[in-house]
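Here, each number is a calculation from the coordinates, and none is a lab measurement. Being a predicted model, the structure only gives us computed values, none of them experimental. As a convention, Cβ positions derive from the backbone with ideal geometry for all residues, glycine included, and neighbour counts pool all protein chains shown.
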Amino acid sequence: MFRVESDFLIERLTPDRALAEPVYKQMARRMREMVAQGMVPPGQSLPAERLLAQRLNISRSTVRRFFEELRRSNELVTAGRSGAAVAKPLSPAVPRERLRSLTRAVRENGVEPSTRVIDRALICDRTIASMLEAPSTTRFLKLTRLRLGDGAPLARETLWCNLSLAPDLEDWSGEGSAYDHIQHVCGVRLLEAEQTIEAVLSSLLEREAFELDAPQPCLLFKRRTRAVSGQIVEYSETVFRGDAFVYRLRMG
């Protein structure tokens, strides 16, 4: 089994001081990416705590938090005198779905998707910048859109796109798939997305968009999408009509 040198790991664990993301979380994310991409094998020993702190010019407490972050998720194991090592991969507890746009998901269900842009603006927002782990001065394209299937409203979506990573989005009208535009027009390859789903009642804005007479149950999807560089390109909040959406999982 191959092994990688300490210098290789240290170089790729070097934090970006311009990011709002805590240093230890940056390091944990980059280690996960290296393991996922096969750059670091199971059983690989990590550099010692003191060496990492010295070479990266960070405190030893930050290095300890980096190790603890990965140990909590069973991605690192204690390896005797060599300290910590990458654990053997376990079967994921959460089913992993392929990354796809809403446009594609709707079309795959035999429905013709369309988009109606409600609002479009170029903004700076410190809260959104923090959520996207970007500098506070980052410019974003903010879009509010109504997503339709066969002409009927399915969801009201607000998304924020990082223009420093995909500057060509500044001229995008907001029609169609954001993922397609980011990848095929901006040339930014997407790696993965983190998504949460929660039950909510429709707000006044959603009731107007969905043409509802009274509040109804809806599903709120929050998604952060990362490029292969590990940086977050897009964050979206999408409210789906509860009566127009079914979420299916096949679990073994």
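A compact table of results
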| quantity | calculated |
| --- | --- |
| Sum of side-chain charges, C186 neighbourhood, beta-carbon under 12 Å (Lys, Arg +1; Asp, Glu -1) | -4 |
| Residue-count net charge about C124 - beta-carbon cut-off 12 Å; Lys, Arg +1, Asp, Glu -1 | +2 |
| Estimated dipole of the chain in Debye, rounded to 20 [Cβ of Lys and Arg +1, of Asp and Glu -1, Cα centre] | 1160 |
| Highest-fluctuation residue, L205, L220, L154 considered, GNM on the chain with Cα pairs under 10 Å | L205 |
| Cβ-based exposure ranking for W172, W160, in which fewest neighbours within 10 Å come first | W172, W160 |
| Furthest towards positive pole of dipole, N57, P113, T225, structure part the chain, Cβ charges | N57 |
| For region 168-235: rounded, prolate or oblate by the Cα gyration tensor [a/c cutoff 1.5] | oblate |
| Gyration tensor verdict on the chain (Cα atoms; rounded if a/c is under 1.5, prolate if a/b is larger than b/c, oblate otherwise) | prolate |
| Of Q37, Q231, Q195, the one that fluctuates the most in a GNM where the chain has Cα springs shorter than 10 Å | Q37 |
| Neighbour net charge for A53 - beta-carbon separation under 14 angstrom, K R +1, D E -1 | +4 |
| Check: region 102-244 dipole with +1 on Lys, Arg Cβ and -1 on Asp, Glu Cβ, in debye | 280 |
| Exposure proxy ranking, count of Cβ atoms within 10 Å, fewest first, for V63, V35 | V35, V63 |
| Structure-based [θ]222 nm, the chain - -39500 (n - 2.57) summed over DSSP H runs of at least 4, per residue, nearest 500 | -7000 deg cm²/dmol |
| Gyration tensor verdict on region 87-211 (Cα atoms; rounded if a/c is under 1.5, prolate if a/b is larger than b/c, oblate otherwise) | rounded |
| Helix axis angle, 60-72 relative to the chain longest principal axis, alpha carbon, degrees | 60 |
| Nearest-0.05 FRET efficiency for E237 and S6, computed from C-beta distance (R0 25 Å) | 0.05 |
| Region 102-244: relative contact order in percent, alpha carbon pairs under 8 Å with at least 6 residues between | 22 |
